Amino acid sequence: MEIVMKFYIIGGSCAIEDENYITIAQGVKDGGGNYLRGGLFKPRSSPKRWHGIGIYGLEILKEAKRVTGLPVVSEAMNAHQIEILYDYVDMFQVGSRNMTASEFLKEIGKQDKPILLKRGFGSTIEEFVMAADFIMESGNTNVVLCERGIRTFETYTRNTFDINCIPAVKELTNLPIIADPSHGTGKASLVEAVSLAAVAAGANGLIIEVHNHPEKAMTDGMQSVTPDIFTNIVNKANKIRGLI
């Protein structure tokens with residue numbers, strides 16, 4: 001699959017928890033999404049936290065694709081997970097923690113599917129772009145960058161969404177860049193405003209965490225919006241795109 005300069009509207013729960021994911025996926029499609037997100041393997045800050053459903057979610061992911069007809073992006077954290085996910089996903093995600101793992105970037109760069117590369121939470125914009133170079137040097141030029149916020153002294157939000165990154169990346173590379181306002185803020189109440197700001201700044205898309213029962217989510221419920229809010233964000237984003 002070759003990356004084209006389109007507007008990516010990627011939605012779904014942070015993790016695939018159970019069959020409820022299929023309902024969430026349908027809500028994403030109905031709301032205007034053109035890609036599904038959903039993690040089977042979750043990188044965690046503590047070994048005591050839930051690490052995802054793993055291979056048991058593959059059939060759920062497959063069914064969600066069948067029902068919605070939407071392609072899927074999911075994170076692989078090592079070469080073994082690339083192999084497990086290969087037949088089920090349409091785009092591999094490289095998470096923030098692995099942006100600086102150059103050997104992994106070289107490995108995923110050998111794949112013939114598009115790569116969504118998230119910015120490291122402590123990385124500069126130039127380091128972000130150079131990480132993409134590692135992937136492309138291995139042969140895969142179908143890379144989509146993702147600004148997901150960086151760690152600063154601010155504690156009110158989970159991260160600080162770096163709006164500067166979007167136009168800066170466009171000065172440095174021809175690669176598309178999308179915005180992750182969910183991780184960029186950590187607060188569902190802020191997702192819409194940051195989404196629209198990112199679109200106005202020239203983002204080539206959005207990746208938003210969506211859950212029909214955020215209060216029951218196994219992970220990242222605080223930053224997940226409901227399907228109806230997702231639909232509202234998409235509609236407003238498309239209006240802004242029409243203006244610019």
Exercise. For the stretch 230-244, indicate whether the set of residues that are outside any helix (DSSP H, G or I) and at pLDDT 95 or above is non-empty.
Key: no
Quiz item: Of LYS216, LYS187, LYS170, which residue is closer than 28 Å to GLN26 by Cβ, among the basic types (Lys, Arg) and modelled with pLDDT of 95 or more?
Solution: LYS187
Practice problem: Pick out the one residue from PHE161, PHE134, PHE128, PHE230 that is among the aromatic types (Phe, Trp, Tyr), in contact with a helix residue (DSSP H, G or I) (Cβ under 8 Å, 6 or more places away or on another chain) and under 15 Å from GLY11 (Cα atoms). | Solution: PHE230
Exercise. Would you check if VAL144 is more than 30 Å from GLU107 (Cβ to Cβ) and β-branched (Val, Ile, Thr)?
Key: no
Practice problem: Please state which of the following conditions ALA131 fails to meet, knowing it meets all the rest: (1) closer than 25 Å to GLY54 by Cβ; (2) surrounded by 17 or more Cβ atoms within 10 Å (Cβ to Cβ); (3) more than 16 Å from the chain's Cα centre (by Cα). | Solution: (1)
Practice problem: Could you tell me whether the stretch 154-162 includes any residue that is over 30 Å from ASP112 (Cα atoms), over 17 Å from the mean Cα position of the chain (by Cα) and buried (at least 16 other Cβ atoms within 10 Å of the Cβ)? | Solution: yes
Self-check item: Verdict on CYS165 being in contact (Cβ under 8 Å) with a residue 60 or more places away in the chain and not aromatic (Phe, Trp, Tyr)
Solution: no
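The values are calculated or read from the model by the stated rules, or taken from the named source; none is laboratory data. Because the structure is predicted, anything quoted here is derived from the model rather than measured. Using ideal geometry, Cβ is built from the backbone for each residue, glycine included, and neighbour counts are taken over all protein chains shown.
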